[in-house]
Amino acid sequence: MGSLAADLADFKVAHLYRERRVVRVCGVDDLRAEALEAVPDGTASVTYQSLHGDPVTAPDEIFRLLDTLLEKRLPEAFTPLAEREHWEDDDEEAGPLPAGPGPYGSGVRALGSAGERITLSYNGDLAVPEATGFGDEDDQPDDDAPHRRESWQEVTGAPDLLRAWLIGRMRWSMNDGDYSEYPQTEQERIQLAETQAGRAELADRFLTVFPPERSRYFAGAHAGWDRWSEDYLSRDEVIAFASEDHVAVLWIALYRYYG
């Protein structure tokens, strides 16, 4: 898998800004060696201590590995934020926010899992969840959105539905790249087409490295949490892929309610 894994991590979607799409691929054995500390809880669930919060639980070991990758490997993909003032801090006595890793300077947070699943169904040419669930956007901004943990859910469905769903999750907007979603010129139309082609190619690379018949797929949100609510309108999603030997996470920056 070596070269394909490297291709996943290095692949660039045309016109997308840096750190709007981050991929990390790790071996299962490596993740087990550094797995988040197990916490006995007297039940059949897997409980482990997250680095940024309370212990979290999950129905089986794969979620502990996913969260280990999130908290220990994903932050290194981002340029650490420098010490800075809070954007709405009027208290001069409060002092600056400390420097830190991850997209919001707060590290990356484990999500845990309740064992829920997203079952994909066919609706026209789109893959959609069978029922309302993960990924549905609110009508209004949620002031504590970065603090709302959306736990890992396994995503299941036919291979063509998984592909359509994956491409659909990569819904980067003009805030995330140097292109227009509403092209007015031939150059803008070319840029949009190149970005869309890049999304499809990235999805196909994931499906090649992690074929549906031998892999598992997962989705969660708000791993890149903002401890200080500097950007309370932001949202981030993570999609994970697991085979017998490797685990990968695709981090997607999504910024809602920006206009």
Each residue of the range 164-176 in order: what ³J(HN,Hα) in whole Hz does its phi give by Karplus 6.51 cos²θ - 1.76 cosθ + 1.60, θ = phi - 60°, with x for Gly and Pro? 4, 5, 5, 4, x, 5, 7, 9, 4, 9, 5, 6, 9
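At a 1.4 Å probe, what is the % contribution of carbon and sulfur to the accessible area of the range 160-229? Don't jump to the answer; show the numbers that get you there.
Numbers: 1490 of 3100 Å².
Summing carbon and sulfur atoms, their accessible area is 48 percent of the total for the range 160-229.
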Dipole of the range 23-73, positive direction: furthest Cα of 56, 45, 26, with charges on the beta-carbon: 26
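Could you order the peptides 186-197, 160-171 from most to least packed, using the average number of other C-beta atoms within 10 Å per residue? Please list the in-between numbers first.
Numbers: 186-197: 14.4, 160-171: 18.8.
The peptides rank, most packed first, as 160-171, 186-197.
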Residue-normalised accessible area of the range 1-77, given per residue in Å² at a 1.4 Å probe: 49
In nm, the gap between the two label points placed 7 Å beyond Cα toward Cβ at residue 194 and residue 61 is 4.5
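Calculate, for residue 231 and residue 37, the FRET efficiency according to 1/(1 + (r/R0)^6) with r their C-beta to C-beta distance and R0 30 Å; round to the nearest 0.05. Mind showing how you got there, number by number?
On the way: r = 30 Å, r/R0 = 1.01.
FRET efficiency, residue 231 to residue 37: 0.50.
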Using amide H atoms built in the peptide plane, which far-off residues or other-chain residues are under 5 Å from residue 110 H to H? 51, 52
Point-charge dipole on Cβ atoms (K/R +1, D/E -1) for the range 192-246, about Cα centre, debye to 20: 140
In Å², nearest 10: area of residue 245 left accessible to a 1.4 Å probe: 90
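The values are calculated or read from the model by the stated rules, or taken from the named source; none is laboratory data. Just so it is clear, the structure is predicted and the values come from calculations on it, not from any experiment. All Cβ positions, glycine included, derive from the backbone under ideal geometry; neighbour counts span all protein chains shown. Surface accessibility is based on the protein's heavy atoms, side chains included, excluding ligands, DNA and RNA. Shrake-Rupley method; radii C 1.70, N 1.55, O 1.52, S 1.80 Å.
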